[in-house]
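> Below is one structure. I have some questions about it.
The values are calculated or read from the model by the stated rules, or taken from the named source; none is laboratory data. Being a predicted model, the structure only gives us computed values, none of them experimental. Cβ: placed from backbone, ideal geometry, glycine included. Neighbour counts: every protein chain shown. All accessible areas refer to the heavy atoms of the entire protein, side chains included, with ligands and DNA or RNA removed. Shrake-Rupley method; radii C 1.70, N 1.55, O 1.52, S 1.80 Å.
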There are 2 protein chains.
Amino acid sequence: MPTRVVDTSRSPYAKLRSVPVEDVKLKNGFWGKRLKKLREVTIPSQYELLENTGRIYNFRRAAGREKGGFQGLVFNDSDVYKWVEAVGFLLASGYDEELHRLVEKVVNDICAAQDDDGYLNTFFTFENRAQRWTNLRAMHELYCAGHLIQAAVALRRATGDEKLFNTAVRFANHILRTFGPDGRPGTPGHPEIEMAMVELYRETGDYRYLNMAKTFIDNRGKGILGGDVNLIDHKPFRQLDEIVGHAVRSLYLNCGATDLYMETGEREIWNVLEKLWSNMVKCKMYVTGGVGSRYDGEAFGFNYELPNVQAYAETCAAIASFMWNWRMFLASGEAKFVDVMELALYNGILAGVSLDGKEYFYVNPLADRGKHRRRKWFECACCPPNVARLIASLPGYFYSVSEDGIWVNMYDESVANLEFKGNVVRIVQNTDYPWDGRVEITLSLQHEHAFSIYLRIPGWSGKTEVSLNGLKIDGNIEPGSYFRLCRAWRDGDRIELSFKMEVRKISCNPLVYENLGRVALSRGPIVYCLEGVDNAGFDVWDLLISEDASLQAEWAPDMFDGIMVIRGEGYVADSDWSQDRLYQASKPDSARKTGFLAVPYYAWANREPCPMSVWIRLVPKLGSFKG
Amino acid sequence: MPTRVVDTSRSPYAKLRSVPVEDVKLKNGFWGKRLKKLREVTIPSQYELLENTGRIYNFRRAAGREKGGFQGLVFNDSDVYKWVEAVGFLLASGYDEELHRLVEKVVNDICAAQDDDGYLNTFFTFENRAQRWTNLRAMHELYCAGHLIQAAVALRRATGDEKLFNTAVRFANHILRTFGPDGRPGTPGHPEIEMAMVELYRETGDYRYLNMAKTFIDNRGKGILGGDVNLIDHKPFRQLDEIVGHAVRSLYLNCGATDLYMETGEREIWNVLEKLWSNMVKCKMYVTGGVGSRYDGEAFGFNYELPNVQAYAETCAAIASFMWNWRMFLASGEAKFVDVMELALYNGILAGVSLDGKEYFYVNPLADRGKHRRRKWFECACCPPNVARLIASLPGYFYSVSEDGIWVNMYDESVANLEFKGNVVRIVQNTDYPWDGRVEITLSLQHEHAFSIYLRIPGWSGKTEVSLNGLKIDGNIEPGSYFRLCRAWRDGDRIELSFKMEVRKISCNPLVYENLGRVALSRGPIVYCLEGVDNAGFDVWDLLISEDASLQAEWAPDMFDGIMVIRGEGYVADSDWSQDRLYQASKPDSARKTGFLAVPYYAWANREPCPMSVWIRLVPKLGSFKG
């Protein structure tokens, strides 16, 4: 305790300090409901799956407590660790004895599997023992170690656990002996250990872990991984100028490098990170915040390679982007990073889990014919527990703190008790965000206290109004920035924010050939899509809308848990097409008028299979002929 | 002699016999000019490159005539063989002593490299000798052997060569001993040997070669190649129902299977071939005839996975499709196969070589920003000599012969002297095809002779007129069929064909998301594209055309060697876009009117780098509002 997600309390080059998960309670709003579902449905069902697929058994087997062969993929330990980390965050936001007992049982199994020398990976026991550390490229030992450390740190912060933590430290020390100053050169095929080592340094104050992270980062581009671009080993980290390779690996590496920067302040690293971030956001990110467009290698594609039907956009990659942007934000205090977090969270990440909390997408296309469906689990099951730990940690991102004040990063029904300069500031948010742009923030303080409150003005917002105790505040309220209110705050002070939540038509850089002449609909942070099930009578791929189409947001209380839908009018160019040929002489009929209904992208594929599309063709506005 | 491309003269299940290359002379028309360029520029420059890159040296080295290491990739022998095959076809269509001497020099180098036991592959000599036949998956020995056999058969037919032919036969016999009835089970990672073995059977009458081809085909799907779908080893051939895997491998395999069918008549094989063909043409072929859309594995994608910018569409794959369709046509006499040959030839294949005959595309996108350029050569240089042998063999496809008559498959300025039932029929074509749809065909016969002439009516043609000796012929002239004229032909008989060559707007199956609301322009067999260099003042990716746009074909005598361009009027929705962001609020200005010029796709990237696009957005026709 406290359970900070990335603890920058003492990081000299972080602009902001993170706020403990336990200090922010999400009420029954958008995310509060999902946190409840996570606790009641997702976490128990994932535990069952971890048991039923042999993932926890593997630990008992390695400990000699059960007999049989290793089950599943070499990196399956990491799924258990991510689940433990998720439980840690959940216990921080709401203690539950039964859940605590369950995680302690799992922790017992994990710890029993550790070797006397500190090594811990259930695949590399018995017959595979001799292969330890012989294939850094492919065997994911450092990756699993990183997840163990992250889980142990989260659990210790949440419950005071020392058992898993000591196990993690012993493994970390084994890694130091193997790859540290007196060890041999190494770097992981799948990054993750870097950010874990920095966090372990933050937790323990032991500088050797920070150095270990630095060494792993510095060792890239030296050919340890064969110079493979997909493993981001083609160049030294400090020479990277384009975001490439396996998306999750690339982004986890950037997380570690950002963590390193916040401790060391090395400008060269920050410059590289900014370059990679710009490249991602300007050339390689879906409108949903999804990244890693290419199936081949689960990788970032070329600039502007953003196919819709064949999008890869792994759920884990959107989560990794969220994680990286959180670190970039803590380092800099720049709102643009939170904009990307919010975009990924409400769209690319949230689509990764079904509304009932039990099924998952690994791959997230932006258009589909109805064949792509969520599944209960995967052989490579990285995404489900990753979604779990991300949602479980959500309270930890709502606020952050700087020298001079409190930063409000996210909006939802919530109560926070934030420690600021020795005082506790209670902040209550009343809002229907993300469905409604009005947020009422009420402060409770024991005595008057002068500091700044930084209010995040989302990049998507238009004209925003801010008022204090009923009085409108003048000032330059810039979208994509933090609006600073500095005063001597008093108990009961009330801030009202009003973000304009219009339905927006978003167009895409014309270098993305596939999206030319198309728009995506969005409102607030939510990106919408058309699903066939809501649009009988035409194929949603055939819809056209005109620039001046009427588009109305409408509350649909009976759809799912209640969602805001978009109703509009468009045209349908019915294609009189025999499925039996690929090309024919063009003979479009006049497009006929039709109404349509769009739903949030995150909600797609929760009903019967049907075609879906995020991008909608726009009817071009023609100038008058002069010919 | 005669140099038939696929000799079906005695194939019991072939509907048609092929006609010798030497019997058809292409005059100074579209293809005649290219054949001349091939002879004068491409073949000599490729010889230089084969020497300069160590490909011919490898043979001398293997023979012990030169010292040093093996140079290049393991399958580089095949590039030399394809060049020899090309020279064989060229010598058949026009003898040239110097070229004959040059190819004999190369043949000497090849033959000297053969082992006493008949084995021949320059990589597997000296230090690599022990690895012969140990990795059928990846090492391309059977692939290279196939190309050797094809080259030897072509050269023997063209010049009477026995040297290379005996070498090829000795290698073929070595393969029979290794993988034949008394050998071990084998099948090639890269098909090619199958069609070569069938052709060797046709050349020699030795049934064992046909059986060997059958065995290689029958051995697929047995796990010899690890069950790899990219190697088409995931299923037995007779169970295939979707065209998948590495495009060239898949199509070469189909060539071999079609050859096998023409000899054995096994219906099950034909049914599979028809299924694969339908799947390719209805779901996986570009409008240019290019195939194999996916970079990953150089493979066929999913149905309707046809990206434009990220198209792979290897030149060799379009060639392989041409080769397969030729065999399917010989087997069946169905015009649909020649339609695909023609489409691939004028577009997907011809784009693979620069207009100066010296540079090549390996990958053929359908939209580009100007960075994709032809290159003089490749480390993996399969495409350049493949283009060479295909163009060199072109005279061999113009006609074919059935029991009852002569089939006219292709149109161009040409003179043919065809043997038919003991008589020689001289056929002169006068035409400006593919720029003009009129073709005049004049027959010379020594005496009156009753037979049928089958005239190919291209699938793209609209209303076609046929006249005989000036009199219009009534009859059902169906696009995509052969129109039969049966009569007692006399010397001087004159057939006039007139295909309607309108500019056509082609639309794509709406399941190809990327092409929704777009059209491609085409005229006759030629597909057009927009290049920036011809369209100053706007970005060709931004062009829109309306359904009733005026589109005129116009002869441009000064462009390249003279081409037909398309001029039209459209609209440009100028995108006011800062390159610096990926998404923004939609704010299209009215599209302004503009003229535009389109050029044949095959001619693209022969001038300065600039954006290019085949598909053009269509202005939708809107019905009237009723709301």
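> Roll a 1.4 angstrom probe over the protein heavy atoms and tell me the percent of accessible area of segment B:504-624 that is carbon or sulfur.
That share works out to 47 percent.
> A further question on this structure: What shape does segment B:1-152 have by the C-alpha gyration tensor, where a ≥ b ≥ c are the square roots of the eigenvalues, rounded means a/c under 1.5, and otherwise prolate means a/b greater than b/c and oblate the rest? Intermediate results must be reported in sequence, preceding the final value.
Details: a/c = 2.41, a/b = 1.50, b/c = 1.61.
The shape class here is oblate.
> So, one more: Nearest 5 is fine: what % of DSSP beta bridges in the protein assembly as shown come out antiparallel, could you say? Write down the numbers at each step before the final one.
Values: 164 of 180 bridges.
Roughly 90 percent of the DSSP beta bridges within the protein assembly as shown come out antiparallel.
> Averaged over its residues, how many other protein chain Cβ atoms are within 10 Å of peptide B:615-622's Cβ atoms? All intermediate terms of the calculation are to be shown ahead of the outcome.
On the way: counts 2, 0, 6, 5, 5, 13, 6, 9.
Other-chain Cβ atoms within 10 Å of each residue's Cβ, averaged: 6.
> What is the calculated FRET efficiency for A:GLU66 to A:ALA130, with r their C-beta to C-beta distance and R₀ = 30 Å, to the nearest 0.05?
Details: r = 22 Å, r/R0 = 0.74.
Step by step, r from the Cβ atoms, then E = 0.85.
> Quick one: order B:ASP561, B:ASP218, B:ASP7 from most to least accessible surface, probe 1.4 Å. Don't skip to the end; give the middle numbers.
Working: B:ASP561 100, B:ASP218 45, B:ASP7 15 Å².
The residues order as B:ASP561, B:ASP218, B:ASP7, largest area first.
> Place a label point 7 angstrom from the Cα of A:GLU242 along the Cα-to-Cβ direction, then list the residues of segment B:368-402 whose backbone nitrogen is under 16 Å away.
Under 16 Å, as judged by backbone N against the label point of A:GLU242, lie B:368-373 of segment B:368-402.
> Let me ask you something else. Per-residue mean of other chain beta-carbon atoms within 10 angstrom of the beta-carbon, peptide B:572-581?
Numbers: counts 2, 8, 1, 7, 0, 5, 2, 5, 3, 5.
Across the residues of B:572-581, the mean count of other-chain Cβ atoms within 10 Å is 4.
> Quick one: what do you get for chain A if you divide its Cα Rg by 2.2 N^0.38 Å? Intermediate results must be reported in sequence, preceding the final value.
Values: Rg = 24.8 Å, N = 627, 2.2 N^0.38 = 25.4 Å.
Rg over 2.2 N^0.38 Å, computed on Cα atoms: 0.97.
> Go through A:THR215, B:THR288 and list them by solvent-accessible area, largest first, probe radius 1.4 Å.
So the residues, ranked largest to smallest area, are A:THR215, B:THR288.
> Ok, one more. Among B:LEU443, B:GLY357, B:SER393, whose Cα lies farthest out toward the positive end of the dipole of segment B:330-472, if unit charges sit on the beta carbon of Lys, Arg (+1) and Asp, Glu (-1)?
B:GLY357
> Suppose R0 equals 25 Å. What FRET efficiency, 1/(1 + (r/R0)^6) with r the Cβ-Cβ distance, do A:ARG208 and A:ASP117 give to the nearest 0.05? Before the final figure, lay out the partial values.
On the way: r = 17 Å, r/R0 = 0.69.
Efficiency, rounded to the nearest 0.05: 0.90.
> Still on this structure, I have one more. To the nearest 0.05, what FRET efficiency results for A:ALA488 and A:ASN108 with a Förster distance of 41 Å applied to their C-beta separation?
Numbers: r = 52 Å, r/R0 = 1.26.
Once rounded, the FRET efficiency stands at 0.20.
> Step through the residues of segment A:304-313 one at a time and calculate ³J(HN,Hα) from phi using the Karplus curve (6.51 cos²θ - 1.76 cosθ + 1.60, θ = phi - 60°), rounding each to whole Hz and writing x for Gly and Pro.
Karplus-based 3J(HN,Hα) across segment A:304-313 equals 6, 8, 10, x, 8, 5, 8, 4, 8, 6 Hz.
> With all protein chains present, how much of the accessible area of segment A:17-397 (probe radius 1.4 Å) comes from carbon and sulfur, to the nearest whole percent? Don't jump to the answer; show the numbers that get you there.
Values: 5560 of 11520 Å².
Of the solvent-accessible surface of segment A:17-397, carbon and sulfur hold 48 percent.
> Straight-line reach from B:LYS275: which aspartates and glutamates fall under 19 Å, measuring Cα to Cα and dropping same-chain residues less than 8 apart?
A:ASP580, B:ASP218, B:ASP233, B:ASP241, B:GLU242, B:ASP259, B:GLU266, B:GLU305, B:GLU334, B:ASP339
> Using only DSSP helix segments of four residues or longer, with each worth -39500 (n - 2.57), what per-residue ellipticity at 222 nm results for the protein assembly as shown after dividing by its residue count and rounding to 500?
Working: 28 runs with 378 residues, N = 1254.
The helix contribution divided over the protein assembly as shown gives -9500 deg cm²/dmol.
> Report the local net charge at A:ILE457: Lys and Arg +1, Asp and Glu -1, summed over other residues whose C-beta lies under 13 Å from its C-beta. Please report the intermediate quantities before stating the final value.
Numbers: positive: A:LYS336, A:ARG456, A:LYS463, A:ARG484, A:LYS500; negative: A:GLU334, A:ASP339, A:GLU342, A:GLU465, A:GLU478.
After counting each charged neighbour, the total is 0.
> Let me ask another. Can you give the net charge of the other residues whose Cβ lies under 13 Å from the Cβ of B:GLY94, counting K and R as +1 and D and E as -1? Walk me through the numbers on the way to the answer.
Working: positive: B:LYS25, B:LYS27, B:LYS36, B:ARG39; negative: B:GLU22, B:ASP23, B:GLU40, B:ASP96, B:GLU97, B:GLU98.
Once positives and negatives cancel, what remains is -2.
> In whole Å, what is the distance between the alpha-carbon centres of segment A:220-280 and segment A:284-353?
Between the Cα centres of segment A:220-280 and segment A:284-353 lies a distance of 16 Å.
> Taking the Cα atoms only, what angle lies between the long axis of helix B:383-392 and the longest principal axis of chain B, rounded to 10 degrees?
90
> List the lysines whose alpha-carbon lies under 16 Å from that of B:LYS33, not counting same-chain residues fewer than 8 positions away?
Candidates past the 8-residue exclusion: B:LYS25, B:LYS358.
> Related question: Roughly how large is the B-A contact in terms of buried accessible area, totalled over both chains, probe 1.4 Å, nearest 100 Å²?
Values: alone 24140 and 24090 Å², together 42660 Å².
What B and A bury together is about 5600 Å².
> Something else about it: Considering the zone a paramagnetic label at A:GLU448 would reach in this model (a point 7 Å from Cα along the Cα-to-Cβ line), which residues of segment A:471-508 have amide N under 20 Å from it?
Once the point is set 7 Å along Cα→Cβ of A:GLU448, A:471, A:485-495 turn out to lie under 20 Å by backbone N, inside segment A:471-508.
> Further question: Net charge near A:TRP31, counting Lys/Arg +1 and Asp/Glu -1 over other residues with Cβ under 14 Å of its Cβ?
Numbers: positive: A:LYS25, A:LYS27, A:LYS33, A:ARG34, A:LYS36, A:LYS37, A:ARG39; negative: A:GLU342, A:ASP412, A:GLU413, A:ASP432, A:ASP561.
Within the 14 Å Cβ shell, the charges total +2.
> Another question, if that's okay. With +1 on each Lys and Arg Cβ and -1 on each Asp and Glu Cβ, how big is the dipole of segment A:328-404 about its Cα centre, in debye rounded to the nearest 20? Walk me through the intermediate numbers first.
Numbers: 9 positive and 9 negative charges, 145 e Å.
In total the dipole reaches around 700 debye.
> Further question: So, with +1 on the Cβ of K and R and -1 on the Cβ of D and E, and no other charges, what is the size of the charge dipole of segment A:45-120 about its Cα centre, to the nearest 20 debye?
Working: 8 positive and 14 negative charges, 52 e Å.
With Lys and Arg at +1 and Asp and Glu at -1, about 240 debye.
> If you don't mind, another one. Taking amide hydrogens as modeled 1.01 Å from N in the peptide plane, which residues meet the under 5 Å criterion relative to B:GLU359, leaving out close sequence neighbours?
The list, which skips near neighbours in sequence, is B:SER354.
> Show me, for segment B:365-378, the HN-Hα J-couplings you get by feeding each phi into the Karplus relation (A = 6.51, B = -1.76, C = 1.60, θ = phi - 60°), rounded to Hz, glycine and proline as x.
x, 9, 7, 7, 9, x, 8, 7, 10, 5, 10, 5, 5, 9
> Also: For segment A:136-170 and segment B:97-176, what is the separation of their C-alpha centers, rounded to whole Å?
59
> Residue by residue, what Karplus-based ³J(HN,Hα) values in Hz, rounded to whole numbers, does segment B:221-233 have, using 6.51, -1.76 and 1.60 with θ = phi - 60° and x for Gly and Pro?
Those phi angles translate into x, 9, x, 4, 9, x, x, 6, 5, 5, 9, 6, 10 Hz.
> Can you list the residues, at least 5 places off or on another chain, whose amide H is less than 5 Å from the amide H of A:ARG17, using H built in the peptide plane?
A:VAL401, A:SER402
> Here is a follow-up. Search the structure for amide H atoms under 5 Å from the amide H of B:ARG487, placed 1.01 Å from N in the peptide plane, and list their residues when 5 or more places away or on another chain.
Long-range HN contacts for B:ARG487: B:PHE451, B:ILE453.
> Can you compute the label reach from A:LYS371? Point 7 Å from Cα along the Cβ direction, backbone N cut-off under 13 Å, restricted to segment B:294-312.
B:301-306
> Along its principal axes, what span do the Cα atoms of the protein assembly as shown show, with the longest given first and each in whole Å?
Per principal axis, max minus min of the Cα coordinates gives 118, 75, 48 Å.
> Taking square-rooted eigenvalues a ≥ b ≥ c of the alpha carbon gyration tensor, is segment A:500-547 rounded, prolate or oblate, where a/c under 1.5 means rounded and, failing that, a/b exceeding b/c means prolate? Numbers along the way, then the final one.
Values: a/c = 2.12, a/b = 1.14, b/c = 1.86.
It is oblate, given that a/c is not under 1.5 and a/b is not larger than b/c.
> How far apart, in nm, are the 7 Å Cα→Cβ label points at B:LYS593 and B:ARG267?
Inter-label distance under the simple model: 6.2 nm.
> Is there a quick way to get the dipole size of the protein assembly as shown? I mean about its Cα centre, with the Cβ of Lys and Arg at +1 and of Asp and Glu at -1; what is the value in debye to the nearest 20?
Details: 150 positive and 162 negative charges, 21 e Å.
Around 100 debye, computed over the protein assembly as shown.
> Rounded to the nearest Å, what's the spacing between the alpha carbon centres of segment B:542-614 and segment A:518-588? Just the number, please.
So the two Cα centres are separated by 28 Å.
> Taking each residue of B:500-508 in turn, how many C-beta atoms of other protein chains fall within 10 Å of its C-beta, and what is the average?
Averaged over the peptide's residues, the number is 3.
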